[in-house]
1. For the range 48-55, check the following and say yes or no: at least one residue is part of a strand (DSSP E or B) and closer than 20 Å to residue 139 by Cα.
2. Here are 18, 55: which of them is free of Cβ contacts under 8 Å to residues at least 60 places away in the same chain and either loosely packed, with under 12 Cβ neighbours inside 10 Å or farther than 19 Å from residue 161 by Cβ (or both)?
3. How about the range 150-240: which strands (runs of 3 or more DSSP E) wholly inside it have at least 2 residues that are β-branched (Val, Ile, Thr)?
4. Hey, can you tell me all the residues within the range 127-146 that are touching a Ser or Thr at 6+ places or on another chain (Cβ under 7 Å) and without any contact (Cβ under 8 Å) to a residue 24 or more places away in the chain?
5. Out of all the residues in the range 103-118, which are part of a helix (DSSP H, G or I) and of a type in the set (S, T, N, Q)?
Amino acid sequence: MQRVDGRKHNELRKINITRNYIYHAEGSVLIEFGNTKVICTASVDDKVPPFRKGTGEGWVTAEYSMLPRATQVRNVRDINKLKLNGRAYEIQRLIGRSLRSVVDFKSLGERSIIIDCDVIQADGGTRTASITGGFIALMDACSYLLDKNIITEMPIKNFVAAVSVGIVHENKLLDLCYEEDANATVDMNVVMTDSGQLIELQATGELSPFSRDDLNQLLNMAEKGISELISIQKNILLKG
């Protein structure tokens, strides 16, 4: 099978990450997975949710949205958060869970970091790009707190990244673009740490069930892709 953009079956799209993309945010990146582009910002807030008050522990949460013309057909703008569509709500919960899993909330102290992920152009994999870019924004926000002596140790315990895999026309593919995702018989999103531990696995047989062997092969492919993404994250962050 020839892929839409000529990639090998186990090859990521071209990844570009631009740090400090938003001037005012404590952490921010523009992350590009091929034609998918997401702005991720991390904002520090001295407040915490009610269930965290008085505990000395912080919180990390996320919000996700898509510009009206991020896609081929205009989306309705989410003006009222209470009317946020179900897909966006599910994705922002996934981003929040993924990032919280690698944070030591005691070290963060009683404050929140809010990760905003705004899709400006979508071509598949917006949630995985948001997690991968959101982690860098989170790391930069925590480094800001350290530099300002607001916290005394880095609260992030592991790196985390995410990627999609799937089966398209009986071929197992890494990092699906929109056209591949739309034709996938199996669609999977994998979130993993740099130590190889799984955080979340979302897998669906779109048209028919799939085998345990298929699952294992897709997981191996995702692990390879995530390892490459985390290497990119580390190289970006080392640039200072």
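Just so it is clear, none of the values below were taken in a lab; they were calculated from the coordinates. Here the structure is a predicted model, which means the values were calculated and not measured. Neighbour counts run over all protein chains shown; Cβ positions are idealised from the backbone, glycine included.
1. Here is the first cut: in the range 48-55, the ones part of a strand (DSSP E or B) are none.
No, every residue in the range 48-55 fails to be part of a strand (DSSP E or B) and closer than 20 Å to residue 139 by Cα.
2. Just a single option satisfies the conditions, and that option is 55.
3. Fully inside the range 150-240 and qualifying: 160-168, 184-193, 198-205.
4. Scanning the range 127-146 gives no hits.
5. 107
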